[in-house]
Amino acid sequence: MSSKHLLALAAALAAVPTAAQAHHSFAAFFDPDKSVTVTGTVTEFRFTNPHGMIALDVKKPDGSIEKWRAETNAPVILVERGWTRDVIKPGDVVTIEGWPSRDGRNYLRLRDMKDAKGKRIGSAPFEPKAQS
Amino acid sequence: MRPCFAFAAAAVLLACTPGVAQSEDSAHPDLSGYWGAPIRNEPMPADLRAKLPPNTAILTDTGAAEYPRGEYGGLIPTAKAKAKADAWKPEDEMTLARVCMPQGVIYDEQGPFPMEIEQAPGLIVIRYEYFDQVRLIHTDGRPHLPANAPHTKMGDSIGHWEGNTLVVDTDHLEPSTITNNGLDHSDNIHLIERYRLGPDGKHLQASQWFTDPEMIANNGARYIEWNKQPGHYIQPYECDPSLATEYQGVKTGAAN
């Protein structure tokens, strides 16, 4: 392919509108440019639509417990990455990394989760564009 | 009952059953089964693209991805549609009143959710996992519903076969989103879809074309592809609106 054709192809590709953004409610409530990581004990896992939810007790250095909640993708997306409804259960210790709530409370959108041994739960993290 | 008499009785019963016409559906491709979610956008095959009327923008948001606010994949909103889109706020979608409200078939069918198809003489039923929605496509030759019939999220669909392609014509849709970023269609939108099996028989291919002069100055289209997964069944969606309580009172950001 000639350089002229390459340039024409590049121009054509640049002109094609692409849709690669997360759903808008995600960007409204969570900060896609920040990351937060918490380690805690699972107290509840809801494998529900439109989104799932994990409740965590996070022990602070002074011994007190901080309540956190992590919102997940819809079950159909979780299943695609190898999750099941019993992939975690109350009492499990997990480390969750994700995008923090814009209002600074203990609430996040889950991007990745690992078990107590550091093994990823599911086959891959959830990319920003898959957030709905 | 003797077998020959039983067969004759069944034939009479079928012929007299309202809405079950004697069609040639068995001679057409079998689209039935579980079709896995379209996760990503694929390019529309050239022959399907060639069937699109002129002045049609092909959207590329099939699957999980969406257009940024103010971008509509080449669709040209009318002044009325643009004013509504400009006033749209994504946080409103996560209120108790809205979080579990189903959207219309034009947006629903391209999202990352599976569906199941049941194919019978004169009738094709599509069960979408997304919001537990059910759609009837009549292939018995009936016309569309009268103009004053209710408009719904699934609309009124009639289908016919053109060779190995099922062509579905849908109207009577109630207003809903097109791109989930504020651009809505009106209740006069007209949808035409073409469904066919891919060359390997393991993929279902569909083009979606729509026209809505009240809201879009040109026309729109999408290409959607599902993969067959035998032995799977769609799951109940059973949307839980309590998620919206997590968002109540939250200060939202501007990056949307």
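Assorted remarks:
- Residue ID - nearest to residue B:63 (Cα to Cα), chosen from residues in segment B:114-148 that are within 14 Å of chain A (Cβ to nearest Cβ) and of a type in the set (Asp, Glu): B:129
- Taking residues in segment B:148-161 that are of a type in the set (Lys, Arg), and partners anywhere that are surrounded by 15 or more Cβ atoms within 10 Å (Cβ to Cβ), the pairs with Cβ atoms closer than 7 Å and at least 6 places apart or on different chains are B:153/B:102; B:153/B:103; B:153/B:104; B:153/B:105; B:153/B:133; B:153/B:174; B:153/B:176.
- Some residue of segment A:89-103 being among the acidic types (Asp, Glu), out of contact with any helix residue (DSSP H, G or I) (no Cβ under 6 Å at 6 or more places or on another chain), assigned to a loop (DSSP other than H, G, I, E, B) and within 14 Å of chain B (Cβ to nearest Cβ): yes
- Considering (1) assigned to a helix (DSSP H, G or I); (2) within 14 Å of chain A (Cβ to nearest Cβ); (3) buried (at least 20 other Cβ atoms within 10 Å of the Cβ), the lone condition that residue B:81 does not fulfil carries the number (2).
- Sole exception among (1) under 17 Å from residue A:36 (Cβ atoms); (2) not in a loop (DSSP other than H, G, I, E, B) for residue A:79, by number: (1)
Per-residue answers, yes or no, for (1) modelled with pLDDT under 95; (2) of a type in the set (Lys, Arg); (3) at positive phi:
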| position | (1), (2), (3) |
| --- | --- |
| B:89 | yes, yes, no |
| B:93 | yes, no, no |
| B:125 | no, no, no |
| B:133 | no, no, no |
| B:144 | no, no, no |
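- Output for segment B:84-119, where each listed residue is in a loop (DSSP other than H, G, I, E, B) and closer than 19 Å to residue B:42 by Cα: B:109, B:110, B:111, B:112, B:113, B:114
- Filter result for residue A:63 (more than 8 Å from every other protein chain (Cβ to nearest Cβ) and either in a loop (DSSP other than H, G, I, E, B) or without any contact (Cβ under 8 Å) to a residue 24 or more places away in the chain (or both)): yes
- Of all the numbered requirements in (1) in a strand (DSSP E or B); (2) within 13 Å of the chain's Cα centre (by Cα), residue A:42 misses one, and that requirement is (2).
- So residue A:40, is it more than 11 Å from chain B (Cβ to nearest Cβ), in contact (Cβ under 8 Å) with a residue 24 or more places away in the chain and at positive phi: no
The values are calculated or read from the model by the stated rules, or taken from the named source; none is laboratory data. These figures come from a predicted structure and were not determined experimentally. No Cβ is skipped: glycine too gets one built from the backbone with ideal geometry, and neighbour counts run over all protein chains shown.
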